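The values are calculated or read from the model by the stated rules, or taken from the named source; none is laboratory data. Here the structure is a predicted model, which means the values were calculated and not measured. Using ideal geometry, Cβ is built from the backbone for each residue, glycine included, and neighbour counts are taken over all protein chains shown. Heads up: the accessible areas ignore ligands, DNA and RNA and are worked out on the full protein's heavy atoms, side chains in. Shrake-Rupley method; radii C 1.70, N 1.55, O 1.52, S 1.80 Å.
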Amino acid sequence: MTWKELTDQGVRRVQADDHTGAAAAFRAALDAAATPDERAAALVNLAAVTPDQSAALLTEAIGLAEDDSVRDAARMALGRGGLGPRWRHCADLNAQGAELAAAGAPRAVPVFEAAYRETLAAQDVEALVCRAAIAGNLAGVVGTTEDVLRWSTEAVDVARSVLAAVGDVHGTADVLVNALVTRAQHLRHTSRLTEALADLDNALDLAPDGVGARSVRAGVLAAAGRFADAAAEADRALDLAYRTAPHLAASVHATLAEIAGATGDASGSAEQFGLVRDLATATGDTASEAAALLGLARLAYLDSDNERADALYAEVEARHGTDRRVLAVCLHGRAAVRIGLGEPAEAVRLLDRARDLRGDQVTPVELIAIHQVRGGALEALGDFAAADEEYGEAIAIGDRAGLWHVALGIAWWRADALVRWSSTVDDRRELCARALDLALPAALAAEAVRQRFAHGPLRERWVALAAAPATRSAFTAVAALGDVELAAAYIDHLAATVSLRAEEAQPLARDELLFLPTPPSTREEPHLPYAASALAGPASDTAAAFALPPRVRLDPAVPSTLDRWIDVAEQRYGFPVRSAEAVASW
């Protein structure tokens, strides 16, 4: 069909209120366009039925159009009434920058900056309209997280000023939504999850059917450990994507893959990543394709299939290695694989390259992972002191970032390493005492937190990844010191809780420590995650958490040798481990 026939078909479907069919027809017209003006007109039509993409589509149309009437139509749609002639040159610069950005050209930044400078000469509403849009565009192309947050915050603040002054007569609500989503993405990278969720909630108040906002919100909820909420949000985003924005479906499937993997559903995660790869290949979405391959590589590593993991990382590096962040992830993954293959020196070399590539843009989670894997490599090389320093730094970063549940997991891992180190020296006691100081408070805290979870997959995952291995580590440290009295008190302590069934927990890969689910706060309703493929219901339907058990003593009136450690755990992790009540042991 010709461009005109496809355009007419799209118009008829709009008249029939079939926006999905209209979008498909206008996309086909875009592909069939023979001239820049036909392509620009198709973009304007497509923008009318895909509101979450309208600003970007209309900006592209302004840059493409050669005929003044087509360009003015795009400007009119973008401004919902248009801007005065004073700002035509500024709008053209903005459109030129958008065109360069779409082509991946670094020259987009100075072009946007030139457009931005033109807006500083005035403070009227039209100047602010342009400034908000250009700041939002700059947030999408600048290199550092700090710059992204700075420009997106300016876009948010200026757009809100415009909306407060004149409402949405210039389409500024779209600019605000996009800036909020961009800022939220980068707040997530810096583990500022509460702020990210607030931005996304604001964006969804303005545009409830925004696929991008819902997809990013699902990812932030998953990062916060609220997997039931994350999966429900991702399902909503996926439904919207297939109805209104199919090109975004791959990114939503990637989020569902992360949720499935983080709740112990490895096969479900692999299935979702497979869908991402297929969709990305079909649409030419290289970023999603790289994410899918990296996800499949990590799953292979966690399944101890080092050869497949290494091959997948190599494939990503060959296909997408020009992207510094993708290359850094590949090098990091290959380093973990090299330890499993008995090549720790090569692992250290790969980690050094990965750290250099990330520079000062490294996120807290990435830093923790680097120190973790580096510690494992150094331990395999027999440099136990250096390995201990790496694990210690990983814990400190987790504490500073508020990822205490991850720091807790690394604490017992570090404790086990200290016990292994102690087997190589003559006087083991000092190292074993340090191991006990790490392992026992971590185990007490992990066991206490599991009381907050209702029965279900997340509770079992917390047991497998945190409580059970921490308990084993604590017993190992107690046994290494030969403290029979403490061992007896700890056994009495565990006997006063729900069955732990630690023997059922599977051995962990080092990477798994980064994917501990976040325990629900005692100050809010627990969020019980389920595998994305089998949600049992909304988080509000979950059962209430268990109350904390009492302290257990030979004589309830006399503190036991374990009481001091309970106090340490409560002080270190900031929440109660046992209730104030004390009962007699068996």
Identify the single condition in (1) open to solvent by 20 Å² or more (accessible area, probe 1.4 Å); (2) at pLDDT 95 or above that P441 does not satisfy, given that it satisfies every other one.
-> (1)
Is the stretch 338-360 home to any residue that is in contact (Cβ under 8 Å) with a residue 40 or more places away in the chain, within 22 Å of the chain's Cα centre (by Cα), under 29 Å from A105 (Cα atoms) and open to solvent by 30 Å² or more (accessible area, probe 1.4 Å)?
-> yes
Within the stretch 79-133, can you find the residues that are closer than 22 Å to V156 by Cα, modelled with pLDDT of 85 or more and open to solvent by 40 Å² or more (accessible area, probe 1.4 Å)?
-> P110, E113, R117, E118, L120, A121, Q123, D124, V125, E126
Name the one entry in V276, V329 that is open to solvent by less than 40 Å² (accessible area, probe 1.4 Å), in contact with a helix residue (DSSP H, G or I) (Cβ under 6 Å, 6 or more places away or on another chain) and in a helix (DSSP H, G or I).
-> V276
Test: D305 is over 22 Å from T255 (Cβ atoms), acidic (D, E) and open to solvent by less than 40 Å² (accessible area, probe 1.4 Å) | no
How many residues does the stretch 1-47 contain that are among the hydroxyl-bearing types (S, T, Y) and buried (at least 17 other Cβ atoms within 10 Å of the Cβ)?
-> 1
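Name every residue in the stretch 283-296 that is farther than 13 Å from E271 by Cα and assigned to a helix (DSSP H, G or I), in order of residue number.
Passing the criteria: T283, T286, A287, S288, E289, A290, A291, L294.
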Can you find a residue in the stretch 376-397 that is open to solvent by less than 30 Å² (accessible area, probe 1.4 Å), touching a residue at least 24 places away in the same chain (Cβ under 8 Å), of a type in the set (V, I, T) and part of a helix (DSSP H, G or I)?
-> yes
Considering R131, R214, R192, which residue is free of Cβ contacts under 8 Å to residues at least 40 places away in the same chain and out of contact with any helix residue (DSSP H, G or I) (no Cβ under 7 Å at 6 or more places or on another chain)?
-> R192
Return only the number of the condition from (1) in contact with a helix residue (DSSP H, G or I) (Cβ under 9 Å, 6 or more places away or on another chain); (2) crowded, with 17+ Cβ neighbours inside 10 Å; (3) at pLDDT below 85 that F475 does not satisfy.
-> (3)
Can you confirm whether the stretch 46-61 contains a residue that is part of a helix (DSSP H, G or I), of a type outside the set (G, A, S) and at pLDDT 85 or above?
-> yes
Residues that are part of a loop (DSSP other than H, G, I, E, B), hydroxyl-bearing (S, T, Y) and over 18 Å from L486 (Cβ atoms), drawn from the stretch 557-581 = S579
